[in-house]
Structures are given as C-alpha cells and as structure tokens.
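Each remark here refers to the structure printed beneath this line.
The values are calculated or read from the model by the stated rules, or taken from the named source; none is laboratory data. A quick note: this is a predicted structure, and the numbers were derived from the prediction, not measured. Backbone-built Cβ (ideal geometry, glycine too); neighbour counts: all protein chains shown. The protein model used for the area step is the full one, side chains on, heavy atoms only, and it has no ligands, DNA or RNA in it. Shrake-Rupley method; radii C 1.70, N 1.55, O 1.52, S 1.80 Å.
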Amino acid sequence: MDRSIESRVNHEVENWLRWITRWRPATHRGRSRLCRQCFGSPIIASAGLAVDVPHVVQHALSMRMKIVIDASVDEYTELNLPMLAHELNLSERRESAQAYRPAEGLDPEFRGLDLDPQPAADAPYLFTFSELADQQPPEPQPAPRRSVKPDVNEPLAPAEPLPPLSPEEKAILKAEMQLADDFATQVGIRVCAQLTRERPRLLAAIAQFVEPQVQALLADLESTLDSPLWPRNP
Ligand SMILES: [Zn+2]
C-alpha cells in the first residue's frame, strides 16, 4: 500500500528537510517551560535529535510525525471503530462551532507551541491569543445527540448538554478507545523505526543548516563577553 506508515513518515521527513533550509535562530525570548510534545519523546530520540538540537527544530519534526500518527489513527477509527468515530465526529462539530480558533490552520512547525510570546514585564498585552482560544461562544443551541443522517456541515453548539450514554454504549466506547490506543502505540513504534532509518539524512541536515548557525551565535556571545565593556575579571 502506497500510503503506508513508512511512506508517510518519509513524506513528512522530506517536508521537514525542505523547511530546515530556511530555519534561522529566534531573536525573541523563548519560554522556559518544557514542551510536552518533545521532551523525552521517543520520536525525537529515534531521529537522533535529542541532544544539542534547538527545540524549534525538534518541534517541527515531532509535530510532523504527530500528523502521521493522527491521520493513521483517524483512518483506523473511521474504518473499524464506529462508536468512537461517531463520538469524535460529534465533538468535532461542537468544536467547529467555536467562533475564533487562532490555533487552527497553522503550519506544523508552529502547532502545539505557545500562541503568544512572553510579555515584557513593563508592557503587558491587552489581550492574548490564548485567551481568545479559551473563549466559548455565549449562546449554546440545543440539538439532538444523534440524528439518522447527521449533517456534517452543520456545527453543533459547543456547550450543548448531551444525554448520557447507556452502560452498554459506555462499555463499547471504552473497548474501542482501548483499540485506538493500542493502534496508536503500534503506529508510534513504526514511526520511530522508520525515523531510525532516516537518521543519517536528518543528522546531515542538522550539520549543514543548524549547527553552523548555533556555532555563530555562540561565537557572537563569546565576543560580547570578551568585550572591554564587559570585563570578565574586574
Ligand atoms: Zn516541542
């Protein structure tokens, strides 16, 4: 099958290799919080990018691999897990009713990162994208949990209360969620194995496009510290 996990990984590796030729170190202050997507990630370790690689560069790859895993799990769910697929479809329609979603439509490199840069201590923001993203629309409209033929184009109201699931439905849903989880783990293992095979190409790109810029930054910093205006041994 052409759209195998491995070929999808390679496709996203190609995208990352194209992206990295344009990478430049950030000039603004980054946040010090650890990224849950990248820190300790087996994907980053398999790619060989766990040490001495800027987070933004790691993040671009881990988000691209997340695309591969999410798409595979979505397809599997759609094909094999009808109850879970239905529930996910409902919650997606509720989400799409939200008026403004600044985190949507971003390039993979920017997904999962903080929406707002760190504010300066003396200049707080009037509003932040994170606040807007958290806002819920004010007036939820009631709608049935299930219709015979749901209109996928019609968004549901986000805060609409749904009738509770029966114990049987809950049990089926729980079993299907477990299957989806197991499948995601299997996909993750295959993604890591494929990244290990791709490691030489990934490391060559780091050596060519990232390392020289990091070295230049360090050299710059060193010459600043050596400056007579900033004596090392006063
Ligand atoms: Zn990250």
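Couple of notes before you dig in:
- Listed by position, the helices (runs of 4 or more DSSP H) inside region 1-109 whose residues that are at pLDDT below 90, open to solvent by less than 50 Å² (accessible area, probe 1.4 Å) and away from the ligand (no atom under 16 Å from the Cβ) number at least 1 are 82-96.
- Top-ranked residue in region 169-201 [being open to solvent by less than 60 Å² (accessible area, probe 1.4 Å), within 14 Å of HIS86 (Cβ to Cβ) and not aliphatic (A, V, I, L, M); ranked as modelled with the lowest pLDDT]: GLU169
- Annotation: ALA143 fulfils all but one of (1) at pLDDT below 85; (2) surrounded by 10 or more Cβ atoms within 10 Å (Cβ to Cβ); (3) assigned to a helix (DSSP H, G or I); the unmet one is (3).
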